[in-house]
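So the structure is just underneath, and the comments pick up after that.
The values are calculated or read from the model by the stated rules, or taken from the named source; none is laboratory data. Predicted model only: the values in this text are computed from it and were never measured. Heads up, the Cβs are rebuilt from the backbone with ideal geometry, glycines too, and the neighbour counts pull from every protein chain shown. To get the accessible areas, we keep the full protein, side chains included, count just its heavy atoms, and leave off ligands, DNA and RNA. Shrake-Rupley method; radii C 1.70, N 1.55, O 1.52, S 1.80 Å.
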Amino acid sequence: MVQIVEAARLKARTHRLAVVIGLVFVGLALWYNVTLPIGESDNEASHYRYIQYIKTYRDLPPAFYQWPAPPSTDQCQSPSSTDVQDPEHQFRQPPLYYLLTSVAFFWLDTSDPWWPPTNHYSIHSNHPDGGYNVAIHTEREAFPYQGTTLAVRLIRVLSSLFGLLGLIAVYLTGRLIFQPGPSPLPALMMAVVGFVPTYTFAASVINNDILVGALGLWCIYFCALSVRSGCASAPLPWRLSAWRWLFSPSTTASFCCPSSR
């Protein structure tokens, strides 16, 4: 028993900086969670409705949307079709993030239909899905949390855990690169990624982008591992890419996959 405790202490000292950075990241994401009003992150309403639909009907929601979207003359501009503004337009996203969230929170009551009402004085009030300070926030969002507020806050915590998993992949990748011997650089790599404001923000709200980011970081780790092991031509990265094609939590992830020649 003493040997097990000593081994655990040695491991803790070896990874102490990474543990500290991970805890700071989670704490920062939780602070974002409780201070950011509901619906004030882009598309959070649609992401929540997706989860709500799966939990209610135990099925994937119908997606009556054309994908890929029709091309436009300006490739940097979204097509001006009505489906872009539809409050349920995220239903066309691949289901991995929403399935995992629904399973993790199968016990959570998400039947409350309430959502912060739209601020019709906002210049972005024609956008029904939030993210532009378009909601009117009331005491229903105050602590102690209940109903929709409680569900949203708890589901956001799962996004934080996905973000932490991505940082673990960054740390392990750094250890592969800077072996042999102890080095603070892997933990610093972890901090560089984790404290990017956009990454922290994505890890503190309901969205599938944080999961696709974390999976992308793990793909990088496995690619580095295959190269480190002297198996640069091993099919593992290709199998991972194929897996992401099938089960990716975001439509943008498919662009990260290599094409065959």
Does Arg153 fit the bill of being surrounded by 15 or more Cβ atoms within 10 Å (Cβ to Cβ) and either touching a Lys or Arg at 6+ places or on another chain (Cβ under 6 Å) or modelled with pLDDT of 70 or more (or both)? yes
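Condition check ((1) of a type in the set (Ser, Thr, Tyr); (2) within 20 Å of His47 (Cα to Cα); (3) modelled with pLDDT under 90) across all residues:
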residue	(1), (2), (3)
Ile210	no, yes, no
Ala214	no, yes, no
Ala224	no, no, yes
Ser241	yes, no, yes
Cys257	no, no, yes
Arg261	no, no, yes
Can you name every residue in the range 20-39 that is surrounded by 13 or more Cβ atoms within 10 Å (Cβ to Cβ) and of a type in the set (Ser, Thr, Tyr)? Tyr32
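Given the structure, is Leu185 without any contact (Cβ under 8 Å) to a residue 40 or more places away in the chain and of a type outside the set (Val, Ile, Thr)? Break it down into steps so the answer makes sense when it comes.
On the way: without any contact (Cβ under 8 Å) to a residue 40 or more places away in the chain: yes; of a type outside the set (Val, Ile, Thr): yes.
Yes: the conditions hold for Leu185.
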Matching option when the condition is modelled with pLDDT of 95 or more, surrounded by fewer than 18 Cβ atoms within 10 Å (Cβ to Cβ) and under 24 Å from Ser160 (Cβ atoms), among Phe247, Phe195: Phe195
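A quick yes/no check of all residues on (1) touching a strand residue (DSSP E or B) at 6+ places or on another chain (Cβ under 9 Å); (2) open to solvent by less than 50 Å² (accessible area, probe 1.4 Å); (3) at pLDDT below 85:
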{"residue": "Asp42", "(1), (2), (3)": "no, no, yes"}
{"residue": "Tyr48", "(1), (2), (3)": "no, yes, no"}
{"residue": "Tyr53", "(1), (2), (3)": "no, no, no"}
{"residue": "Pro95", "(1), (2), (3)": "no, yes, no"}
Any residue in the range 7-26 that's closer than 17 Å to Gly166 by Cβ and modelled with pLDDT of 90 or more: show its pairings with residues that are polar (S, T, N, Q) and open to solvent by less than 80 Å² (accessible area, probe 1.4 Å) at Cβ separation under 9 Å, as long as the two are six or more apart or on different chains. Phe25/Ser160; Phe25/Thr200; Val26/Ser160
